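The values are calculated or read from the model by the stated rules, or taken from the named source; none is laboratory data. Since the structure is predicted, the reported quantities are computational estimates derived from the model, not experimental observations. Please note: Cβ atoms are built from the backbone with ideal geometry, for glycine as well, and neighbour counts cover all protein chains shown. Note: areas computed on protein heavy atoms with side chains; ligands, DNA, RNA excluded. Shrake-Rupley method; radii C 1.70, N 1.55, O 1.52, S 1.80 Å.
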Amino acid sequence: MSIVEVNNITKTYNKGTVLATDSISFSVSEGELFGLIGPDGAGKTSIFRILTTLLLADSGTATVNGWDVVNDYSTIRNNIGYMPGKFSLYQDLSVEENLEFFATIFGTTIAENYHLIKDIYVQLEPFKDRRAGKLSGGMKQKLALCCALIHKPVVLFLDEPTTGVDPVSRKEFWNMLKRLKEQGITIIVSTPYMDEANLCDRIALMQNGKIMSIETPENIIKNYKKELWAVASPNMHSLLTDLREFELTESCYAFGDSLHLSFKEKNEDNRSKTLAFLGSRNHSSLEMNRINPGIEDCFISLMQQ
Amino acid sequence: MRTIRFLLQKEFRQILRNKTILAVVVMVPIVQLIILPLAADYEVKNVSLCIVDNDHSTYSQKLIAKITASGYFKLVDFPESYRDGLKLIESDKADVILSIPSNFERNLIRDDTQELFVSVNAINGVKANLGGAYVLGIIREFNSVIRTEWIQAPRFSNIPVIDIAITNWYNPYMNYKIFMVPGILAVLVTMMGGYVSALNIVKEKELGTIEQMNVSPIRKHHFILGKLIPFWILGMIVLTIGLTVGFLIYGIVPEGKIGLIYLFAAVYLVSVLGLGFLVSTYSETQQQAMFLSFFFIMIFIMLSGLFTSIDSMPQWTKVITWFNPVTYFIQVMRMIVLKGSGFMDILPHLLKVAGIGLVLNIWAIRNYKKTS
C-alpha cells in the first residue's frame, strides 16, 4: 500500500519562467525509506514543500496517507513531521524548551512519545539546558529530528538532513533513520550525496525537475549495462583531456583519485587499445582496472541520455 | 486557548532573553522622556542682541535696561553704526539689531512720536520670529509706561484704552513640558507596537522558524494572537513606565482619569500592532520591515501634531491626518492629561482608532498566508 502518492506535479516559479518540477509522479509504500537524490536545483525541496502543504502546485495532485495536500492540509499538518533543509528551531530556546514547545503545539507531551526519540535524545540530554543556537551542526540536526518526531508522525519528511554535517555525524544520522524505519515510520529523505543513496530502500534520481529513474539502489546499479574502468596515472589532468579525445570513449570523468571511463561499444580489446593510445600520448605508469559502478556512475550515465 | 498559552510562554521566554528588547522597553522611555522634552523646547532664550545707540539719553538708557532685564537677550555689543551692527549679523555674532536714532528722547517728547529700527537675522526662523516679537513687546510696554508717566491727574482717562488680559487655559504657565511629555509618550508606545512587533514576526521568517510553525497544526489566529498579545502587554508596560517618569521627573499628574488613558491605549495598541503585522506580511527580511515601518511611523509622527500644529497644515495633509492613529492618540493624551477630558469627550477618537485598527488587522490577516 502506498502512503504517499504524487501524480503529475508541476510547479513553476517567477510566473512560469523557472520550472522547478516537471510533471513528476511517484509513490512511496508504507514503512519505506525513500530517497530523492539529485544535485542542487533538481526540484527536491519544491516536492517537499508541496507534500508538506507549504506550497501549492501549479497542476497535478498529491496525497499523503490518503489525504489530499490541498483539501486536507490541516489533517496532513497534524500527522507529518517535517525537517526543513535550513535549521529552523528557536535558537534562543534551550534544547528541552524547543522539544517541549513542539510537543505541546501538536497536542502531545514528551513523555507520551519518548520511545520514538529515546535513542536520539539520550545523546542530547547532557546539553538539554543549552540554547539550540549554541549546539554543533550534528547536534542541531538531531534536535530537529527529535522535534519532527515528537508527535509520532505517519510520514517523516527530511529535506537534506545531512548537508553541512561531518561524515561521522552523517553516518550516525542514517543509522537513526534505519532504526526509525524499523519502528514503522515512513521516511522520505532528500540528499545531494550519492553515497547515501545506497542506504535507502528505493531512490528517485532527479535532475532539472524531472525524475530520471525510480528503483532500488541495487537495481539502478544492475541496470548499468556498460563496462566501467578506473584509469589512473601521475598526470591526471592531461589524462582526462586525452581520454575525452579518444575515439572509443563514451564518457570519462574524475572520480576521487582515478578517472571513470566507459566505452561506446563492448569490445575485448578496449583495454589494450586504450593503453596503446595513452602510450602514444606519452603517459607512463598507467593503471587501468575493471570496476563495479556506483550510484553516481549510474546518475551520470542517466544524465547523459 | 491551550495553544495560545504555550505560544505566549514561548514568546515571553524569547523576549526576556533578548537583552535589546528589554532595554528598549525599560530604558528607552526613561531616557527619551528625560532628553526629548528638554530638546523640544519652544522658548527662545539667549538671543544675541546688539544696540546701535545714536542718542545716549536717559530714555535710550531706560529702554536698553528694560530689554536686557527681560532675560531673553544677551547683549553682545554696542556698535558705532548700523553698518557695524550688520557686520555682526553677517558673522553670526548677533541675531537682532536695535537701532536708536539720534534725538530719540527729544523728538519723542516734542513730537510725541519716534521711530526705532529693528532688524533680525532670519536664518533660524523660530529664533528670528520670537526674538523680533520679544523686542517689539518690550518696546510696546516701554511706550505705554512713558505714556502713563506723562498723562497725569485727569480722573478719567481721556484716551480710551482696551486692556487685554490673557489666561492660558489648561496650561496656565504655558509649560511646554506638560504639553510635550504626553505626546512623546504616545510616540514611544507607537514605536513599541508598530516597530518591534513587525521586526519580531519577520525574524521568524528570516530564521525559517515560521516554516516549522506553518507545518504544525497551529491555526492562523493562534499564531497571530500569540504574536500580538506580548507586544500589546509590552506597549502597556512602556506606557506605565512613561507615566511614572512623567510624574517623577516633571511632576505631571493627569487631570483626567488614568483608567481612560489605559482604555484608549489598549485600543490604540491593537491598531498600531495591526500596522506592524501588516508590514511584516509584506517583508521578507528584518531590514525590509525596518525601513517599511520607519517610513510609515516617520510620516505618522510628522503629521501627528506633536511638533507642529495640524491646523496650520495644508488641506491635503489634514486629510491624511484623519487616517493617522498617532494623531488621535496624541490628542487624547493631551486632552486627558491637560484638560481632564472624560469618556464621552474621547469617544469619537476611540471609535476612529478602533476603525483604523479593524481595517489594518483585517488587511494583515488576509495577507498572511501559511501556504505560498
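Heavy atoms only, probe 1.4 Å: what % of the accessible area of the protein assembly as shown goes to carbon and sulfur, would you let me know? It would help to have the intermediate numbers written out before the result.
Working: 19160 of 33360 Å².
Carbon and sulfur atoms account for 57 percent of the accessible area of the protein assembly as shown.
Can you work out the Karplus-derived ³J(HN,Hα) for every residue in the stretch A:48-54? Use 6.51 cos²θ - 1.76 cosθ + 1.60 with θ = phi - 60°, whole Hz, and x for glycine or proline.
Couplings: 4, 5, 5, 5, 8, 6, 8 Hz.
When the Cα centres of the stretch A:90-128 and the stretch A:176-210 are compared, how far apart do they sit, in Å?
Cα centres, the stretch A:90-128 to the stretch A:176-210: 24 Å.
Quick one: go through the stretch A:244-259 and flag any residue whose amide nitrogen is under 18 Å from the point 7 Å out along the Cα-to-Cβ line of A:His237.
A:244-245, A:253-259
To the nearest 20 Debye, how big is the dipole of the stretch A:2-222 about its Cα centre, given +1 on the beta carbon of each Lys and Arg and -1 on that of each Asp and Glu?
Here the stretch A:2-222 has a charge dipole of around 340 debye.
Springs between alpha-carbon pairs under 10 angstrom, Gaussian network model over chain A: which of A:Asn14, A:Asn270, A:Asn113 fluctuates most?
Its mean-square fluctuation being the largest, the pick is A:Asn14.
How much FRET efficiency would the formula 1/(1 + (r/R0)^6) give for B:Arg219 and A:Lys86, where r is the Cβ-Cβ distance and R0 is 35 Å, rounded to 0.05?
Numbers: r = 24 Å, r/R0 = 0.69.
FRET efficiency, B:Arg219 to A:Lys86: 0.90.
Pop a pseudo-label 7 angstrom from the Cα along the beta-carbon direction at both A:Lys171 and A:Thr216 and give the gap in nm to one decimal.
So the two model labels end up 2.5 nm from each other.
Which FRET efficiency value, to the nearest 0.05, do you get for A:Asn8 and B:Leu38 by plugging their Cβ-Cβ distance into 1/(1 + (r/R0)^6) with R0 = 60 Å?
After rounding, the FRET efficiency stands at 0.30.
Quote the FRET efficiency, to the nearest 0.05, computed for B:Glu255 versus B:Arg366 with a Förster distance R0 of 41 Å and r equal to the Cβ-Cβ distance.
Step by step, r from the Cβ atoms, then E = 0.50.
On average, how many beta carbons from a partner chain sit within 10 Å of the beta carbon of a residue in A:54-65?
Average neighbour count from other chains, rounded to a whole number: 1.
Full-extension gain between B:Thr308 and B:Ile233, please, as 0.36 nm times their residue separation minus the C-alpha to C-alpha distance. Mind showing how you got there, number by number?
Values: separation 75, 0.36 × 75 = 27.00 nm, distance 3.02 nm.
In short, 24.0 nm is gained.
With a 1.4 Å probe and every protein chain left in place, tell me how much accessible area A:Asp257 has, in Å² to the nearest 10.
130
Quick one: which residues, 5+ away or cross-chain, put their amide H under 5 Å from the amide H of A:Val189? H built at 1.01 Å from N.
Here the answer is A:Phe34, A:Gly35, A:Leu36, A:Leu158, since their amide H atoms fall under 5 Å of that of A:Val189.
If you put +1 on each Lys and Arg Cβ and -1 on each Asp and Glu Cβ, how big is the dipole of the protein assembly as shown around its Cα centre, in Debye rounded to 20?
Details: 64 positive and 63 negative charges, 293 e Å.
Using only the charged Cβ atoms, the result is roughly 1400 debye.
Determine, for each peptide in A:161-167, B:15-21, the mean count of other beta carbons within 10 angstrom over its residues, then list the peptides with the highest first.
Taking the mean over residues of other Cβ atoms within 10 Å, the ranking is A:161-167, B:15-21.
For A:Lys222, what accessible area in Å² do you get when you roll a 1.4 Å probe over the heavy atoms of the protein chains, rounding to the nearest 10?
The accessible area of A:Lys222 comes to roughly 140 Å².
Just checking the output field for A:82-92: average partner chain Cβ neighbours within 10 Å of each residue's Cβ? Working shown, then result.
On the way: counts 5, 2, 5, 2, 4, 4, 8, 4, 7, 3, 8.
If you average over the peptide's residues, the count of other-chain Cβ atoms is 5.
Using a Gaussian network for chain B with springs between C-alpha atoms less than 10 Å apart, which of these wobbles most: B:Ile330, B:Ile218, B:Ile301?
Of B:Ile330, B:Ile218, B:Ile301, the Gaussian network model singles out B:Ile218 as fluctuating most.
Can you pull the one-decimal nm distance between simple spin-label points at A:Ala276 and B:Phe343, each 7 Å off the Cα toward Cβ?
Going from the A:Ala276 label point to the B:Phe343 one covers 10.7 nm.
Obtain the nm distance between the two label points defined at B:Val359 and B:Ile166 by a simple spin-label model: each point lies 7 Å from its Cα along the Cα-to-C-beta direction.
According to this spin-label approximation, the distance is 3.8 nm.
Given 10 Å bins starting at zero, what is the percent of C-alpha pairs of the protein assembly as shown in each, up to the one with the largest pair distance?
Percent of pairs per bin, in order: 3, 11, 15, 14, 13, 11, 9, 7, 6, 5, 3, 1, 1, 0, 0.
Given the -39500 (n - 2.57) contribution per DSSP H run of 4+ residues, what per-residue ellipticity at 222 nm results for the protein assembly as shown, rounded to the nearest 500 deg cm²/dmol?
Computed mean residue ellipticity for the protein assembly as shown: -16500 deg cm²/dmol.
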